[in-house]
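Novice: I am attaching a structure below and will ask some questions about it afterwards.
Read-outs throughout are calculated quantities, based only on the coordinates presented, and are distinct from any laboratory measurement. What you see is a predicted model, and the numbers here were worked out from it, not measured in a lab. Cβ: placed from backbone, ideal geometry, glycine included. Neighbour counts: every protein chain shown.
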């Protein structure tokens, strides 16, 4: 098991946002956590990355307990994240944003190879490599955020609401890239999404989260036709 | 139904190049609970903020009780009779629960010099505020610092504060999010009672179960545009709405 | 004309020294959003330590090295002991802490070295020139060369090295930077060390330039530099440098040359208010 | 009581009045101001000029002085409506430096020499000095505290509290941010003006350096140490910071250092102030009362 989360609780002050969630991701899997707004999806990813503290529970990554170590150590252990709303560094150039992703593991030859690969994956980034990230459009920023997370060859990629605010066509493209990364490079991805059907389509297994709890889980192709998914979203 | 209580006509709101709202129009009638729903980033909160006076819309007009109100600052909106709650609760943390409510009951004093110098510690003010707190079930906590309350109580406190304005229209911004099951039921009950007391309600809600159960009509926004408007039944079976919520391919499952 | 040019050269030198102090403040503000008034105390410590080492060894290089080392330590101590625990409070709390720090360190200097004005009789190993009748003293040459060198080095570090990249990333989004493997605690400490070491150099240069070292020499720069980082654009390092040099020249020309009876120390603030009215984000600041 | 301790007492009372004024702005309305000594100075200079060059008595000049400082306060409160917190902090520092320079360089204000020969206050045909002045200052302090107390009980005061806690929520409840922030600035600066007027007639000689930025820091420290937003905090702060240097006086050389170090310790370990939320004093008090929160 690459990632195993047991009974994770997350609270902001007095307010508990996630009430004891357990799930796991195997090496090479693409797993999604879906649910409507405010279900606590982003909190879970942030807790795995170490950006918000977990109140209790365990997070095991490659057999090591990581729930008490700092975010940068988790990053060095091989977890990388595409944050909600991209959060690129606005006053760094595209190229510099990518280099931040290589912080601490940089060697020139590898940097060049990785850049070439990412630029072929997202040609628009090559075009804009000298521009400040703030000048990119929302979709381009998302691509940059993905590239920035990929550049270090992570073992586990956390993707947070990548479809939010993107045009439907772009959503399709981004999801296709993620699917290819998973299929062809064997990259393990944990996806958190509001866009249920698109993520069910590309993922192997899914967890459905509702108000801080996992309501049910299963094979994505089965869940796709499960009326309970619609119910969780549309309140039938 | 003659003139609507609140009407939005072709409201657009642009931030830089981003069109957060694109010519949105709808009406809210006296005594109605109208729900504003849509996926993340659809423009619901922006829409709310133009109604409550936080933003001045780029174009279009808003009328409340027949009077043009777009561009008025929030405190003027409050004076006209629009109360609101916040998605991320904003209590006055270092004031007591009771004082939080009393702030709202000073509405008629803030605009004028002499009344604003009078004391707010009178018995009448206090009793009125306590009565409103009793209505939402917070009278026991009246003396506590608001910052120490758990979320469920804070949501009710926000409702109490809005009610203390004696509004004609109440704007509820995700008043149910983060609540536990039983709290949601209580809050729903409160909203219903509020409407029965003659206050019209416009609400944003993510929890579809709640929105469908509570609202008379729904307006669905997606990418800043109005996607649909109608009774919950119709909205629930509208394929476009389902697609907006579940993502692509959603229409295939709509039956 | 000759007087004008001489004043101009002096003005640029003073501006360059301001720049070296303001820089640290801009770096710290950029990363922690704290108004680091106590930075001026670090600069005072730099002057004193520099003078002490110089008196003992008569080597200006050792003096600079020692001062930089001590100041880097003092800077990190202030960050760790005062600012870090106060970060969660409203901004005036660390600000008052910073002012108290400034006073305490000033007093320590006074206790250690006495309340007198000490002279700093160092000869800096730089040549002097006479160009067209204008004498450029070796001290002036030193100020130019050293400040240009320091600024260039800092520019190189922040724009061309991995450390600089990490510093800029951390100041723009600390959480995401740490999610990229950057140890933001260490970066913050390094930022303080760098700014403080530069302030030490500024302290020594001022000491030699005016041949004066005294306990309250940081009092005026402490607040003037606040105005300068606003004029430059809060958190913008190039802006802070530009504003410093403009102010150095402006002060010297307006008051020294034109003889306008303006209070020298208020000029920075008058400029600041003018800039806030005309361009609220500062000369090189970005909006938002 | 020795003459010396009467002087110290009077100065503490005057500074407490000024600190109360700052407390209205910072503690009640939540607006940062680091240049409060400027208004202290404007009050002092206004009263000094009106009574020397203007030939008015202290009592006829006083309303004018309060009017002037309040008006300047209104004018300088305007930036608070637009500027972010840090900008506002630095701007108020700047205002302090500029006001001091104006006093120092404009001949009308006596320039570097300051203003001397300020008449004593005459009350019931008596010239006020010594203990009487202390009593008079204490009386004015009591009046200031009474106004502060009334203010906290008025709708305006409540509106200011609400603004301090959350401006967005407050305005959605009908509180106009512009109106009440400015109200707080006018009231707070007028109190500083009162303190300034008393100071001028107590010292009978004033110069610009009395009202420099270090004085602003001192006043703000009083408010923060005592407990922002509390009624008695500024008075306690003025007492502590006024008496401390006297306590340390035997230590002559170390006095200022100890003072600064103590200030640093207090802000580091008790940032909410001596009477503020969760302060040691409050905790002890509530424990004595029987553990009630």
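Novice: Which one, C:83, C:43, C:116, has the greatest fluctuation when you compute a Gaussian network model over chain C with C-alpha springs under 10 angstrom?
Specialist: Between C:83, C:43, C:116, it is C:116 that shows the largest mean-square fluctuation.
Novice: Using only Cα atoms, what is the ratio of the radius of gyration of chain B to 2.2 N^0.38 Å? Don't jump to the answer; show the numbers that get you there.
Specialist: Numbers: Rg = 18.7 Å, N = 255, 2.2 N^0.38 = 18.1 Å.
Compared with the compact-globule rule of thumb, chain B sits at 1.04.
Novice: So how many Å³ per residue does the convex hull of the Cα atoms of the stretch B:24-71 work out to? Don't skip to the answer; put the middle values down first.
Specialist: Values: hull volume 4.0 nm³, N = 48.
Output value, Cα hull per residue: 84 Å³.
Novice: What is the distance in Å between the Cα centroid of the stretch C:137-200 and that of the stretch A:123-194?
Specialist: Distance between centres, Cα-based: 31 Å.
Novice: Can you tell me what percent of all Cα-Cα pairs in chain A are more than 34 Å apart? It would help to have the intermediate numbers written out before the result.
Specialist: Working: 3419 of 27730 pairs.
Tail of P(r) above 34 Å: 12 percent of Cα pairs.
Novice: Bin by bin, in steps of 5 Å, what percent of the Cα pairs in chain C do you find, going until the bin that has the longest distance?
Specialist: Each 5 Å bin holds this share of Cα pairs: 1, 6, 12, 17, 19, 18, 14, 8, 4, 2, 1, 0.
Novice: Just from its helices, what would the mean residue ellipticity at 222 nm be for chain B, if runs of 4 or more DSSP H residues each count -39500 (n - 2.57) and the sum is divided by every residue, rounded to the nearest 500 deg cm²/dmol? Before the final figure, lay out the partial values.
Specialist: Working: 12 runs with 102 residues, N = 255.
When only DSSP H runs of four or more count, the value is -11000 deg cm²/dmol.
Novice: For the protein assembly as shown, what's the radius of gyration and Dmax over Cα atoms, in angstrom?
Specialist: 32.0, 99
Novice: Now, a different point. Report the relative contact order of the stretch C:1-124, percent, no decimals, based on alpha-carbon pairs under 8 angstrom and at least 6 residues apart.
Specialist: 26 percent
Novice: When only C-alpha pairs under 8 Å and at least 6 residues apart count, what is the relative contact order of the stretch B:111-204, in percent?
Specialist: 27 percent
Novice: Just to check, using Stokes-Einstein with a Kirkwood Rh over alpha carbon pairs, what's the diffusion coefficient of the stretch D:55-129 at 10 °C and 1.306 mPa s in µm²/s? The partial results should precede the final answer.
Specialist: Working: Rh = 15.2 Å.
Translational D for this selection: 105 µm²/s.
Novice: Per the helix-only calculation at 222 nm, which mean residue ellipticity applies to chain D, given -39500 (n - 2.57) for every DSSP H run of n ≥ 4 and division by its residues, nearest 500 deg cm²/dmol?
Specialist: Helices in chain D give a 222 nm mean residue ellipticity of -22500 deg cm²/dmol.
Novice: Right, here's the next one. Once you order the gyration tensor axes a ≥ b ≥ c over the Cα atoms, which shape class does the stretch D:1-100 get: rounded for a/c under 1.5, otherwise prolate or oblate by comparing a/b with b/c?
Specialist: oblate
Novice: Which of A:72, C:58, D:36, A:19 has the fewest other C-beta atoms within 10 Å, and how do the rest follow up to the most?
Specialist: Ordered from fewest to most neighbouring Cβ atoms within 10 Å, A:72, C:58, D:36, A:19 come out as C:58, A:19, A:72, D:36.
Novice: I need the Kirkwood Rh of the stretch A:32-150: take the reciprocal of the average 1/r across all distinct C-alpha pairs and report it in angstrom.
Specialist: Numbers: mean 1/r = 0.0639 Å⁻¹.
About 15.6 Å, per the Kirkwood formula over Cα pairs.
Novice: Further question on the same structure: In a Gaussian network model over chain C where Cα atoms closer than 10 Å are linked, find which of C:120, C:54, C:84 has the largest mean-square fluctuation.
Specialist: C:84
Novice: Across chain D, what fraction of all alpha-carbon pairs, as a whole percent, falls in each successive 10 Å bin from zero upward?
Specialist: Result returned by the calculation: 7, 27, 35, 23, 7, 1, 0.
Novice: Ok, one more. Using Cβ counts within 10 Å as a stand-in for footprinting exposure, how do D:101, D:57 rank, fewest first?
Specialist: D:57, D:101
Novice: Can you tell which of D:243, D:93, D:186 shows the greatest fluctuation in a Gaussian network model of chain D with Cα springs below 10 Å?
Specialist: Maximum among the listed residues: D:243.
Novice: Determine, for D:156, C:236, A:58, the number of other Cβ atoms within 10 Å of each Cβ, and report the residues in order from fewest to most.
Specialist: Ranked by crowding around the Cβ, least crowded first: A:58, C:236, D:156.
Novice: Now, a different point. Calculate for chain C the 222 nm mean residue ellipticity that helices alone would give, adding -39,500 (n - 2.57) per DSSP H run of length 4 or more and normalising by residue count, nearest 500 deg cm²/dmol.
Specialist: Mean residue ellipticity at 222 nm (helix-derived): -23500 deg cm²/dmol.
Novice: Where the centroid of each part is defined by its Cα atoms, how far is the stretch A:1-80 from the stretch C:44-58 in Å?
Specialist: The distance from the Cα centre of the stretch A:1-80 to that of the stretch C:44-58 comes to 53 Å.
Novice: Could you let me know the centre-to-centre spacing of the stretch D:157-207 and the stretch D:33-79, using Cα atoms, in angstrom?
Specialist: 15 Å
Novice: A further question follows. If one puts a single equal scatterer on every Cα of the stretch A:111-155 and applies the Debye formula without solvent, what log₁₀ I(q)/I(0) results at q = 0.17, 0.22 Å⁻¹?
Specialist: Log10 I(q)/I(0), no solvent term: -0.43, -0.71.
Novice: Turning to a different aspect of this structure: Quick check: pseudo-label points 7 Å beyond the Cα along Cα→Cβ at residue A:153 and residue A:213, how many nm apart are they?
Specialist: 4.4 nm
Novice: In a solvent-free Debye calculation with one equal scatterer on each Cα, what is log10 I(q)/I(0) for the stretch B:145-188 at q = 0.14, 0.23 Å⁻¹, listed in the order of the q values?
Specialist: Debye intensities relative to I(0), on a log10 scale: -0.34, -0.84.
Novice: Could you grab the relative contact order for chain D? Cα pairs under 8 Å, six or more apart, rounded to a whole percent.
Specialist: Computed value for chain D: 33 percent relative contact order.
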